[in-house]
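Please read the structure below before turning to the comments.
Bear in mind that the values in this text are calculations on the coordinates, not laboratory data. All of these numbers come straight from a predicted model, not from anything done at the bench. Backbone-built Cβ (ideal geometry, glycine too); neighbour counts: all protein chains shown.
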Amino acid sequence: MSDEDRRRRPRDGATHAAALGGANLNPFGDLHTLQHLSARLARSLRGVFEPLLRHELRTWAEPLAVQRFADYRAERPEGLTGWLPLAISPGNGQTLLVIDGKFALELLDLFFGGTGAVPHDMPREFTPAAEAMFRRLGTMIAEPMAAAWEPLAKLHFAPGRVEGNAAMVGGIDGDDPVVVTRFGIAKGAHKPVFIDIVYPVQSLKPYAPSLTGKVLGAAPDPAWQNGLAKAMMTVTFPVRSVLAEPHISLAKLMELKEGDVIPITVAADVPVMVAKGRLGTGTVGTSNGRAAIKLNSLSLNVEEIA
């Protein structure tokens with residue numbers, strides 16, 4: 001990722017210390033887990049935006065920032081911005097999906113078959129069609145968000161009503177600390193656009209043990225291992241063999257009718273297949289009055305079968 005892909009503004013790190021006499025904005029300390037979660041989500045966002053933008057994209061997660069919500073709002077560029085609350089369940093927390101109005105209107109025009117054109121003079125508020133587009137985006141992003149969070153907590157995200165003014169967003173005050181997760185979206189070498197998912201620290205507190213805990217190694221449970229091995233041994237695979245592959249011309253094929261005989265020659269050794277892999281070769285015969293194949297050689301490749 002080139003330096004041009006980065007938004008050119010200073011950002012505090014996620015593990016910064018509080019100023020002397022000030023409140024600690026980040027009670028979680030190390031937020032590597034949330035940064036890793038954002039990296040997972042960034043990869044999934046390609047599947048959301050590539051169909052909308054009709055172009056292969058690069059997506060990535062920027063470093064996290066922890067700051068007051070009022071400071072974050074002040075750093076946003078001037079102009080129309082969409083603030084879409086995403087309710088978090090279980091619980092009563094929320095997060096905010098923040099998208100520049102120009103990018104949102106580009107997506108709207110593309111969605112209705114246009115070229116992505118936006119008005120030269122940006123409107124001061126969103127039309128009903130743009131609001132519907134935001135709800136659609138929120139629904140599309142909610143699924144990969146839930147999948148990214150799944151290793152930490154089983155959460156669901158539901159979009160609310162988009163606001164063009166951050167002051168109209170309920171449940172969050174200017175002094176509230178927030179964790180800003182920023183995602184870059186770029187078409188090839190084009191200048192990227194950024195979308196933000198802003199988590200109020202208060203909404204993240206119920207998941208503090210998962211966000212700050214370390215994954216410790218544990219001795220495997222023998223009973224669980226034995227149960228898993230027994231379950232694997234019951235997995236079934238289709239076994240098949242090709243006895244002959246005769247070839248006939250198209251003219252002969254078109255003349256075939258019921259009762260015609262197609263001669264075949266069965267080789268001494270025929271291939272025996274398991275799933276997509278070759279098990280070996282065998283000889284065709286009978287066993288207990290049923291057709292059977294006697295295995296003459298084995299060439300099992302477990303990786304091919306799996």
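Quote the FRET efficiency, to the nearest 0.05, computed for Asp30 versus Ala229 with a Förster distance R0 of 51 Å and r equal to the Cβ-Cβ distance. Intermediate values should be presented prior to the final figure.
On the way: r = 38 Å, r/R0 = 0.74.
After rounding, the FRET efficiency stands at 0.85.
May I ask you to list the trypsin sites (Lys or Arg not before Pro) in the stretch 101-206 that are in a DSSP loop and have at most 11 other Cβ atoms within 10 Å of their Cβ? Could the numbers behind the result be given before it?
On the way: sites: Lys102, Arg124, Arg135, Arg136, Lys154, Arg161, Arg182, Lys187; in loops: Arg124, Lys154, Arg161.
Answer in residue order: Arg124, Lys154.
Counting only other residues whose beta carbon sits under 14 Å from that of Gly47, what net charge do I get with K and R as +1, D and E as -1? Don't skip to the end; give the middle numbers.
Working: positive: Arg40, Arg43, Arg46, Arg54, Arg58; negative: Glu50, Glu56, Glu143.
Its environment carries a net charge of +2.
Quick one: net charge of Val272's neighbours, Cβ under 11 Å, K/R +1, D/E -1? Write down the numbers at each step before the final one.
On the way: positive: Arg240, Arg278, Lys294; negative: Asp269.
Taking every other residue near Val272 into account, the sum is +2.
Can you give me the distance in nm between label points at Glu143 and Asp173, each placed 7 Å from the Cα along the Cα-to-Cβ direction?
3.9 nm
May I ask you to give the average projected area over all directions of the convex hull of the Cα atoms of the stretch 135-293, in nm² rounded to one decimal? Present the calculation step by step, with values, prior to reporting the outcome.
Working: hull surface 95.2 nm².
Approximately 23.8 nm², given one-decimal rounding.
Which shape class applies to the stretch 77-152: rounded if a/c is under 1.5, otherwise prolate when a/b exceeds b/c and oblate if not, where a ≥ b ≥ c are the square roots of the Cα gyration tensor eigenvalues?
Numbers: a/c = 2.67, a/b = 1.89, b/c = 1.41.
Here the stretch 77-152 falls in the prolate category.
Tell me, what HN-Hα J-couplings in whole Hz come from the Karplus equation 6.51 cos²θ - 1.76 cosθ + 1.60 at θ = phi - 60° for each residue of the stretch 133-138, using x for Gly and Pro?
Once rounded to whole Hz, the list reads 5, 5, 4, 5, 4, x.
Compute the distance in nm between two label points, each set 7 Å from the Cα along the Cα-to-Cβ direction, one at Asp71 and one at Thr115.
Here the answer is 4.3 nm between the modelled labels.
Compute the Rg to Rh ratio over the stretch 43-192 from the alpha carbon atoms, using the Kirkwood formula for Rh, and round to two decimal places.
Numbers: Rg = 15.4 Å, Rh = 16.3 Å.
Ratio value, two decimals: 0.94.
Return the tail of the calculated pair distribution for the stretch 106-194, meaning the percent of Cα-Cα pairs more than 14 Å apart. Please report the intermediate quantities before stating the final value.
Details: 3056 of 3916 pairs.
Cα-Cα pairs in the stretch 106-194 separated by more than 14 Å: 78 percent.
Full extension from Ala129 to Lys276: what is 0.36 nm times the residue separation minus their Cα-Cα distance, to one decimal in nm?
Details: separation 147, 0.36 × 147 = 52.92 nm, distance 4.97 nm.
Here the segment from Ala129 to Lys276 would lengthen by 47.9 nm.
Filter the trypsin sites (Lys or Arg not before Pro) in the stretch 52-90 down to the DSSP loop ones having no more than 13 other Cβ atoms within 10 Å, then list what survives.
Arg54
If I stretch the segment between Glu78 and Arg43 completely, what's the gain in nm (0.36 nm per residue apart, minus their alpha carbon distance), one decimal? Intermediate values should be presented prior to the final figure.
Values: separation 35, 0.36 × 35 = 12.60 nm, distance 2.87 nm.
Length gained, Glu78 through Arg43: 9.7 nm.
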